[in-house]
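**Q** Supplied in structure tokens, the structure appears directly below.
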Amino acid sequence: MYLVVVNDERGALVCEKELRTELSIGRTTDNQIILQNSSVSRKHAVLYIDHDMVFIQDLGSVNGVQVDDTNVQGSVQITEQSQVKIGNFKLFIEYVSPAETDRGGFQTAVVHPNQAHGKVVVIEGPQAGKEFYLFEPITSVGRTEENDITIAHISVSRHHARIKLEDNGSYVVTDPSSSNGTFVRNSRVVQGIRAWHGDHIRFGQIECLLVDPMGQGVSQTPWLSRKELWIAIAVLAMLLGVFVDI
């Protein structure tokens, strides 16, 4: 099976789609890959698999299809190394073998676990039971091995999310532009959500648990950070002072 990844001209992720037999590409909603831009024709191109090889065919589009800077005439085979351009978009394919989804995880660094500040444990999916220690202030999560945490599942984007350690021991989880979303305590991450040890985090369809290096959580999510708590106490004291004066 192949995964088709489309980026815009700035390199931002537009979509990721599984290619099992055939995918149509165009501007209108009756295509499997919809690229709503004037540079893309209504029925622009089609991707298909033939004898385990991937081909792309230009369907008579206005701006054409370029593979490695050459205009496509009819159909042409593409590989993982091919650079495909459709209008203002760039497309590439990634082979996903069936064995990859059963691939074991690996720790974020060859460092003693005592030096970690947390751990992400996969609790559902093909990699259930895999543990990833958190050593760095910012940990990247994604499907490919250039990430600190690699979760090899089709629902996880190449660069899916980031987990940032805060001074108060909490974390801020952000999601740059994944296809299937990141969820903290079942709330979808939009601009960043604070997380603590003991919280559930879902990357695409993969459910994980954020714990301390010993595998423990907390009894409940702290309502306020230490700094926020002191601010609340100061405000309350000021209010009580006002009431006493009255």
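**Q** Would you mind getting me the FRET efficiency between residue 36 and residue 117? Use the beta-carbon distance for r and R0 = 35 Å, nearest 0.05.
**A** 0.25
**Q** If R₀ is 30 angstrom, what is the calculated FRET efficiency for the pair residue 138 and residue 70, using the beta carbon separation as r and rounding to 0.05? Display every interim value, and only then the final one.
**A** Values: r = 40 Å, r/R0 = 1.32.
FRET efficiency, residue 138 to residue 70: 0.15.
**Q** So, one more: Report the accessible area of residue 212, computed with a 1.4 Å probe over the heavy atoms of all protein chains in place, in Å² rounded to the nearest 10.
**A** Ignoring ligands and nucleic acids, residue 212 comes out at about 40 Å².
**Q** On the protein heavy atoms, probe 1.4 angstrom, tell me the percent of accessible surface of segment 1-74 carried by carbon and sulfur.
**A** Here carbon and sulfur together make up 42 percent of the probe-accessible area.
**Q** What accessible area, in Å² to the nearest ten, does a 1.4 Å probe give for residue 62?
**A** 130
**Q** So for 119, 90, 85, what's the accessible-area order with a 1.4 Å probe, most first?
**A** Correct descending sequence by accessible area is 90, 85, 119.
**Q** Report the charge-dipole magnitude of the chain in Debye, nearest 20, computed about the Cα centre from +1 at each Lys and Arg Cβ and -1 at each Asp and Glu Cβ.
**A** Dipole of the chain, to the nearest 20 debye: 540 debye.
**Q** Same structure again: Please give the per residue accessible area of the chain, computed with a probe of 1.4 Å over protein heavy atoms only, in Å².
**A** 56
**Q** Rounded to the nearest 0.05, what FRET efficiency is calculated for residue 52 and residue 167 with R0 set to 45 Å and r the Cβ-Cβ distance?
**A** Computed FRET efficiency for residue 52 and residue 167: 0.30.
**Q** Shifting gears a bit: Express the relative contact order of the chain as a whole percentage, based on alpha carbon pairs under 8 Å and six or more residues apart in sequence.
**A** Computed value for the chain: 12 percent relative contact order.
**Q** So, one more: Using Cα atoms only, what is the angle between the long axis of helix 226-245 and the major principal axis of the chain, expressed in degrees (0 to 90) to the nearest 10?
**A** Between helix and principal axis, roughly 50 degrees.
**Q** Mind jotting down the distance between the C-alpha centroids of segment 1-17 and segment 25-69, whole Å?
**A** Comparing the Cα centres of segment 25-69 and segment 1-17, I get a distance of 13 Å.
The values are calculated or read from the model by the stated rules, or taken from the named source; none is laboratory data. On a predicted model such as this, the values are computed, not experimentally measured, just so you know. Quick reminder, even Gly has a Cβ in these numbers, built from the backbone with ideal geometry, and neighbours come from all protein chains shown. Accessible surface is based on the protein model in full, side chains and every heavy atom, while ligands, DNA and RNA are left aside. Shrake-Rupley method; radii C 1.70, N 1.55, O 1.52, S 1.80 Å.
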